[in-house]
Every structure is written in C-alpha cells, then in structure tokens.
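The values are calculated or read from the model by the stated rules, or taken from the named source; none is laboratory data. Note that the structure is a prediction, hence the values are computed from the model and not measured. Please note: Cβ atoms are built from the backbone with ideal geometry, for glycine as well, and neighbour counts cover all protein chains shown. For the accessible areas, the whole protein counts, side chains as well, though only heavy atoms, and no ligand, DNA or RNA atoms are used. Shrake-Rupley method; radii C 1.70, N 1.55, O 1.52, S 1.80 Å.
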Amino acid sequence: MVPLDFKSLHTIPDSHEWNKSTVVDDPNTIEPIPVVDLNDPNAVSLIRHSCEKWGVILIINHGVPMDIVKELELQTYELFSLPSETKARALRSEGSLFGYGLHRVAPFFPKLLWSEGFTMSGSPMEHAAKLWPHQPDQLTNFCAVMEEYQKEMKKLSGKLMELMLESLGLTLEDVEWFKPKNGTDRAQSMLQLNSYPTCPDPDRAMGLAPHTDSSILTILHQSISGGLQIHEDGIGWIPVHSVPGSLVVNVGDFLHILSNGQYKSPYHRAIVNNTHHRISVAFFYVPPSDVKNGPLKKLIDDDHPPLYTPVTWAEYLQKKSYLDVKPKQAY
Ligand SMILES: C=C1C[C@]23C[C@@]1(O)CC[C@H]2[C@@]12CCC[C@@](C)(C(=O)O1)[C@H]2[C@@H]3C(=O)O
Ligand SMILES: O=C(O)CCC(=O)C(=O)O
Ligand SMILES: [Fe+2]
C-alpha cells in the first residue's frame, strides 16, 4: 500500500480518522525528562534514573557535528518533498525492511497514519537510485549524507551502550555478542526517515501509532521539537520536549529484556500539527539477528529471577504484536 498524497488533502479522510486521548503537559505534575550532558561525571547515575523512570533521555555534548545533522534534515526534506509517484518507485517490497512506504506498525491498527517513512541499513543507493535516476549529483549527495550520519550514529551508540551497561553495574564484556568477531562489532543498525506532513485537522489524525521500539536503543533527531509523546501508566501521554542540539535516546525492547525489566521500553507515539511538515530520523541499534538475548547473567539471582526467555531479534520481530503495550514475554 502506498502512503497518501497528503499535500492534496484539505480534510481527514475516514480511513485516517483517529480518536486520540489527550496529552498531559502540566509542568507541576510531571518531572521533566532529564537532559544528560555526556561529558558530565554524573551522566551514568542520571541515565540510570531516567531509564528506570521514563526509558527516555535527552543527550547533549554527544559529539555528533551539527552540520551533519543539518545536512541530514535537508536531504530528508528533499526526499519527502518529491511527488508521490516518484516516491512510489522506491516502494518497499513485500517482506523487505528497506525502501519507502507505510510504517511497519501501520497494519496493526484499524486506521491509517498521517506519515510516510524510508528505511535503510548502510547505503541507501538501491532505493535512492529509483528516486533520482537522472540527478546523479543529488543521488550521490543523498547517499553520502545518509552514510556519514550512520557512521556518527554507530560511534555514538557504542558509547551509549557502554554508559547504559555501566549504569546497570556492567561492562561490554557482559554482552556475549558485543565482542567484535573478526574485528567488527556484531550489532546491526537501521536508519528510519519519518515524514509527518502538515495536517488540516491534527486532533483527528495520528502521525505514528503507539509502539515500543524493537531495538536495544534508538537515537532520534526531530526537525522541530514537539510531536513525540510517551505514555506513563496513571498519567497519560506526556510530550518529550527537546532542547536545541540534543538527541532523544529511547530504551528499546532488547535493553528492557537485557536489563531484566529494570529499564523501561517506553510506549510512544508521534502526533502531527497544522503548521509544519515535521520530519524525524531514528537510528535503531539492534542486536545480531541470530543471537539469543535474555536477561544478562549478572542481573539474575534468587531475588531477581529472569523475566524473559532468550529470543533472537529475528524471532522477536516476526512475532511482535504492536498491539501489546509491554515487550512480550519471550516465545
Ligand atoms: C528495525 C526496525 C524497527 C522498526 C521495524 C524495523 O525493521 C525498521 C523500522 C522500525 C520502525 C520505525 C518506526 C516505528 C516502528 C514501530 C515501525 O513501524 O518501523 C519501528 C519498528 C520497531 O521498532 O519495531
Ligand atoms: O517521530 C517521532 O518523534 C517518533 C519516531 C519513532 O518513534 C520511531 O521512528 O520509532
Ligand atoms: Fe519509535
């Protein structure tokens, strides 16, 4: 199925009409999501606190050059501003994770989303070549920026993984698959470009349906802050405000599992607005497909029995029902 040509719509079609619950944004009742300076000596304890409470942190001094982030935004807008017929040429094929299209989560819900996506892992050349067949400079530029950003994200996710493990009292040595095999890190990664076109009636549409991420961790850049919300039991939907230059880091289902449930994999969604075409870019740091991951051994004892049976990422993704709010007990 191809995403709609949103630009041509002045009302919400029935197929895209949602009833959304309201948002809580009262600073007196909500503890703010911490901004963690990665150079701060207290970073590890702040990370622990926030991952237990929210499953989300905002990071600054992350080392990713801002000019690369700006280029990433420009190229992402360039892609999603193409005519619908052009984007459809790069449509994700059945069973494939990569290319242009609806979000993976979309078919689980009765109503469609006010968004479109483009997914890649490493070079996006195969699909991007279908978008710009006669513009070699644009094609080269797009691919170079996407690859450069992924290189930065890989560096940052290694650093974050180390800090997250340290915050659990562990080291990289405690994750069996992390030991580089033949000199390369065995983790996988995916880059997801998200586009949320301006919407004529944002209260009746949904940008990205509620979900948890199937990653270990996700690093998110948003073009304009405002749009991402997390759900807290007993409170409701809380906006994740951003700080200029910061990146949002979400705990994914696999860090929730590795931590034996200590860290939350936050249930989150993205809403739309009627003034801006918002884009976001999510980098998913994912375990190797074929390695079973369960709670890390050092976190298990008589008082803390394992909550999850080991599962591979491939098995998990195949069985995941995005309608389950909590990461599922393994299969
Ligand atoms: C690695 C992946 C996680 C993801 C599914 C995917 O194979 C590639 C896209 C990812 C994404 C991004 C938007 C939200 C999400 C729920 C979706 O529909 O596609 C996530 C998936 C996920 O984390 O489960
Ligand atoms: O656009 C956003 O703010 C959220 C994106 C997201 O949740 C995702 O890509 O998994
Ligand atoms: Fe997400």
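Summed over region 241-260, residues that are more than 10 Å from ligand 2 (Cβ to nearest atom) and open to solvent by 30 Å² or more (accessible area, probe 1.4 Å) total 4. When Ile224, Ile238, Ile279 are checked against the criterion of being within 30 Å of Asp201 (Cα to Cα), open to solvent by less than 10 Å² (accessible area, probe 1.4 Å) and away from ligand 1 (no atom under 16 Å from the Cβ), a single residue qualifies: Ile238.
Given the criteria more than 15 Å from ligand 2 (Cβ to nearest atom) and touching a helix residue (DSSP H, G or I) at 6+ places or on another chain (Cβ under 7 Å), does Val291 qualify? When the stated conditions are applied, Val291 passes them. With respect to Ser265, determine if the residue is within 16 Å of ligand 2 (Cβ to nearest atom), modelled with pLDDT of 95 or more and surrounded by fewer than 23 Cβ atoms within 10 Å (Cβ to Cβ). For Ser265, the condition - within 16 Å of ligand 2 (Cβ to nearest atom), modelled with pLDDT of 95 or more and surrounded by fewer than 23 Cβ atoms within 10 Å (Cβ to Cβ) - is not met. Taken together, the criteria exclude Tyr322 from residues that are within 12 Å of ligand 2 (Cβ to nearest atom), of a type in the set (Ser, Thr, Tyr), more than 18 Å from Leu193 (Cβ to Cβ) and open to solvent by 40 Å² or more (accessible area, probe 1.4 Å). Selection of region 97-123 for residues being in a loop (DSSP other than H, G, I, E, B) and under 18 Å from the mean Cα position of the chain (by Cα) yields Leu97, Phe98, Leu102, His103, Arg104, Val105, Leu113, Trp114, Ser115, Ser121, Gly122.
Every residue, every condition in (1) farther than 21 Å from Lys297 by Cα; (2) more than 16 Å from ligand 2 (Cβ to nearest atom); (3) free of Cβ contacts under 8 Å to residues at least 40 places away in the same chain, yes or no:
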residue: Val175; (1), (2), (3): no, yes, no
residue: Pro180; (1), (2), (3): no, yes, yes
residue: Leu191; (1), (2), (3): yes, no, no
residue: Asn194; (1), (2), (3): yes, no, no
residue: Thr198; (1), (2), (3): yes, no, no
residue: Ala205; (1), (2), (3): yes, no, no
residue: Thr212; (1), (2), (3): yes, no, no
residue: Ile216; (1), (2), (3): no, no, no
residue: His221; (1), (2), (3): yes, no, no
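Residues of region 214-224 that are more than 16 Å from Glu52 (Cα to Cα), within 14 Å of ligand 3 (Cβ to nearest atom) and assigned to a loop (DSSP other than H, G, I, E, B): Ser214, Ser215. For region 253-292, a residue qualifies if it is farther than 22 Å from Pro210 by Cβ and among the charged types (D, E, K, R), and the qualifying residues are Asp290, Lys292. Just give me the residues in region 159-173 being open to solvent by less than 70 Å² (accessible area, probe 1.4 Å) and at pLDDT 95 or above, in sequence order. Leu160, Met161, Leu163, Met164, Leu165, Ser167, Leu168, Gly169, Leu170, listed by residue number. Scanning region 116-143 for residues that are charged (D, E, K, R) and under 23 Å from Lys7 (Cβ atoms) yields Glu116, Lys130. Based on what the data block shows, is Pro310 away from ligand 3 (no atom under 16 Å from the Cβ) and open to solvent by less than 20 Å² (accessible area, probe 1.4 Å)? So Pro310 fails the test. Tallying residues that are within 16 Å of ligand 2 (Cβ to nearest atom) and closer than 21 Å to Gly252 by Cβ within region 49-71 yields 6. Among the candidates Leu170, Leu163, single out the residue that is in contact (Cβ under 8 Å) with a residue 24 or more places away in the chain and in a loop (DSSP other than H, G, I, E, B). Unique residue meeting the criteria: Leu170.
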